[in-house]
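Notes to accompany the following structure.
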């Protein structure tokens, strides 16, 4: 009899789960459950490079597994692991056509502690001409995946030294870029450089829901799960829990993964990503973005700080870079009759479009936007120990997550595709 009752109990529970509407998964109770784990004192603020952020990653991976997502790539793991290399400059010497160069006019971006190259090493050559965008062009060469000798026009003499910032943190690579201030490419050259190399490991957490008919078209839902860790104490509390920034966005990503898995009608492939290292430079999203052909990414919903009400009150949020594509208009059309409104970013002076994890893909033309409610001119708990679960409005947050889900439906279904960001218009 006990066995029969147990079987009946499990069957009723399973039937209840199957009968549950997908939108019922997007509720305040579930949001609070996830938030209270990610923003708990036990997570100690989820600081990048700490054991605490690894515990958070394990929790997110377990949630993705429970949702039934597939792992990304061939690793068999939800953890998208990579390394950041920090080269500390020691020395450099170089010569062009057997004439020694001033070391101040040579910057070597490399992951090798000891580097010695000549023109016989097969390096490509490039130039950064006067009147261009020095740092954008230089950064593009660093991420090109090529060994390159780059001549930088002498008109950049006053700002050339700032290119050293390009090697502050690099993704591990076997390619090197050498920047030389000058206008004439040599026939022969030699460069020797020494750096002290420190390698630090990081991990995004990524899950996949394959599309049914458009597997090679991607829609991304993302948020960052790192925060500030342990800091200066206020009233005896030194843990920066980061409940709103950005456990809230990560909570949304987890809940949306379960919603779309149960809905089970996505024609496009959906990627759910929790990024690391946003607070120290956006390295997680930068590495993640390199794994995709941007032409195949149809839209990115980056979710950041949605735990408090927006300046318009409940049932509202804003979209950074609203005017750069028609994605906001598509989302709002899909919400007709719900009473929820998406607005353009009311804080354009703060350049929020370029300050979150959407920026890397947006710069490559992807309609990649951040959805937020944070009142950036007066958010009382931003980067403070008071950013705790108790400061959040769970009911409003659940409504925002539900609205994001509904607003995305035509894009996920492959019926609508937002216009691309015009790269030439980006500053």
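The values are calculated or read from the model by the stated rules, or taken from the named source; none is laboratory data. Predicted, not measured: the structure shown is a model, and the values here were computed from it. Cβ atoms come from the backbone with ideal geometry, glycine included; neighbour counts cover every protein chain shown.
Odds and ends about this structure:
- The stretch 108-145: number of residues that are in a strand (DSSP E or B) and either under 29 Å from the mean Cα position of the chain (by Cα) or at pLDDT below 95 (or both): 3
- Verdict on residue 386 being surrounded by fewer than 22 Cβ atoms within 10 Å (Cβ to Cβ), assigned to a helix (DSSP H, G or I) and modelled with pLDDT of 95 or more: no
- Sole exception among (1) in contact with a strand residue (DSSP E or B) (Cβ under 9 Å, 6 or more places away or on another chain); (2) closer than 13 Å to residue 203 by Cα; (3) not in a loop (DSSP other than H, G, I, E, B) for residue 77, by number: (3)
- Filter result (touching a residue at least 24 places away in the same chain (Cβ under 8 Å) and under 17 Å from residue 279 (Cα atoms)) within the stretch 355-370: 356, 357, 358, 359, 360, 370
- Residue count for the stretch 261-281, restricted to those that are in a loop (DSSP other than H, G, I, E, B) and touching a strand residue (DSSP E or B) at 6+ places or on another chain (Cβ under 8 Å): 6
- Hits in the stretch 223-245 (condition: part of a strand (DSSP E or B) and without any contact (Cβ under 8 Å) to a residue 40 or more places away in the chain): 232
- Output for the stretch 310-334, where each listed residue is closer than 15 Å to residue 396 by Cβ, touching a residue at least 40 places away in the same chain (Cβ under 8 Å) and surrounded by fewer than 18 Cβ atoms within 10 Å (Cβ to Cβ): 311, 314, 315
- Strands (runs of 3 or more DSSP E) (entirely within the stretch 294-354) containing at least 3 residues that are under 25 Å from residue 208 (Cα atoms) and either modelled with pLDDT of 95 or more or not assigned by TED's automatic domain parsing to the domain that holds residue 416 (or both): 297-303
- Exactly one residue out of 159, 234 is over 25 Å from the mean Cα position of the chain (by Cα) and at pLDDT below 95, and it is 234.
- Among the residues of the stretch 181-198, those identified as part of a strand (DSSP E or B) and within 19 Å of residue 116 (Cβ to Cβ) are 189, 190, 191, 192, 193, 194, 195, 196, 197.
- Residue in the stretch 402-414 that is in contact with a helix residue (DSSP H, G or I) (Cβ under 8 Å, 6 or more places away or on another chain), under 12 Å from residue 302 (Cα atoms), in a helix (DSSP H, G or I) and at pLDDT 95 or above present: yes
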